[in-house]
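Report on one structure; see the data block that follows.
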Amino acid sequence: MSTDSRTDPRAIQLDASWRHLLQAEFDAVYMQQLRQFLLQEKQQGKHIYPPGPEIFHALNVTSFDKVRVVILGQDPYRGPGQAHGLCFSVKRGIPVPPSLLNIYKELAADLDCLQPDHGCLDYWAEQGVLLLNAVLTVEAARAASHQGKGWERFTDRIIEHLNSQRNNLVFMLWGAYAQRKGAMIDRQRHLVLESTHPSPLSAHRGFFGNHHFSRCNAYLLAHDISPIDWQLPALKP
């Protein structure tokens, strides 16, 4: 992928609503430095996930005006074929990661959702669930390798725009990292749901039984907003 196509909305396909809001970020010095960092990583032969065209997949599939729910993640998955630009989601045909399996377990307990045979969350994103990682790229097999390079500032701006320009959104903040990142959110204007992370290391300490999905839909309905259909469809045979 070329230098420009990594982070420049003029060189990549980026939803027009997000392009308008984030143009100043793409023009900022920190984003230029991030672009250069990513280019150097590629030139050194490092494998970066997700693939370039999917870095902004969350923004492209869920336009600004369509957002109803925001789920905050941390880093993309760092294994081959996993990451495709949506937090917690993996491509079809890839084994479902442990944290997502626990999300499915909570959905079953909360809303009687059947566990799907895949881990692709595009169906949620298409309904207005912004599945946003704080950091949008990662080096293969190196967790947190792209933290502190500028992505956090970029995704903070996304949250700030949603917080100030939209009303009655639902933010799901799972784990301390997401809760710190979401500290800016106006709790009078939006519903903020917090619990431990769905990781196997912490899910039993508060994620299971949090009823975030039913609470989310109840809030949306109370504000005359269509609820989310959390039941993921099965893969087509």
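The values are calculated or read from the model by the stated rules, or taken from the named source; none is laboratory data. Quantities reported herein were computed from a predicted structural model and do not represent experimental measurements. Ideal geometry is used to build each Cβ from the backbone, glycine not excepted, and the neighbour counts take in all protein chains shown. Each accessible area value is taken on the protein alone, full model and side chains, heavy atoms only, with ligands, DNA and RNA left out. Shrake-Rupley method; radii C 1.70, N 1.55, O 1.52, S 1.80 Å.
List of remarks:
- Neighbour net charge for V61 - beta-carbon separation under 11 angstrom, K R +1, D E -1: -3
- For V70, the amide hydrogen comes within under 5 Å of the amide hydrogens of L130, V170, F171, M172, counting only partners 5 or more places away or on other chains and with H modelled in the peptide plane.
- Anisotropy class of segment 18-63 from Cα gyration tensor, a/c 1.5 cut: oblate
- Note on segment 162-232: Kirkwood hydrodynamic radius from all Cα pairs is 13.0 Å, rounded to one decimal.
- Degrees, to the nearest 10: 98-111 long Cα axis against longest axis of the chain: 30 degrees
- Take every pair of alpha-carbon atoms less than 8 Å apart whose residues are at least six positions apart; their mean separation over the length of segment 77-119 yields a relative contact order of 34 percent.
- The value of relative contact order for segment 25-108, using C-alpha pairs under 8 Å at least six residues apart, is 21 percent.
- The residues neighbouring A140, those whose beta-carbon lies less than 11 Å from its own, together hold a net charge of +1 under the Lys/Arg +1, Asp/Glu -1 convention.
- Surface listing: K149, K46, K105 arranged by accessible area from highest to lowest gives K105, K149, K46, probe 1.4 Å.
- Taking the chain and dividing mean pair separation by its residue count, relative contact order in percent (alpha carbons under 8 Å, at least six apart): 21 percent
- Kirkwood radius and radius of gyration were both taken over the C-alpha atoms of segment 39-156, and their ratio Rg/Rh is 0.98.
- The alpha carbons of segment 113-237 stretch over 42, 38, 30 Å along the principal axes, in descending order.
- Against the empirical 2.2 N^0.38 Å (N residues), segment 92-153 has a Cα radius of gyration ratio of 1.36.
- Globularity index of the chain, i.e. its alpha-carbon radius of gyration over 2.2 N^0.38 Å: 0.98
- Euclidean distance of C-alpha centroids, segment 150-188 and segment 193-208, integer Å: 19 Å
- On Cα atoms only, tilt of 16-27 relative to the major axis of the chain in degrees: 50 degrees
- Between helix 29-43 and the chain: long-axis angle, C-alpha atoms, 0 to 90°, nearest 10: 80 degrees
- Rounded to 5, percent antiparallel among DSSP beta bridges of the chain: 20 percent
- Solvent exposure of segment 87-208 as accessible area per residue, Å², 1.4 Å probe: 41 Å²
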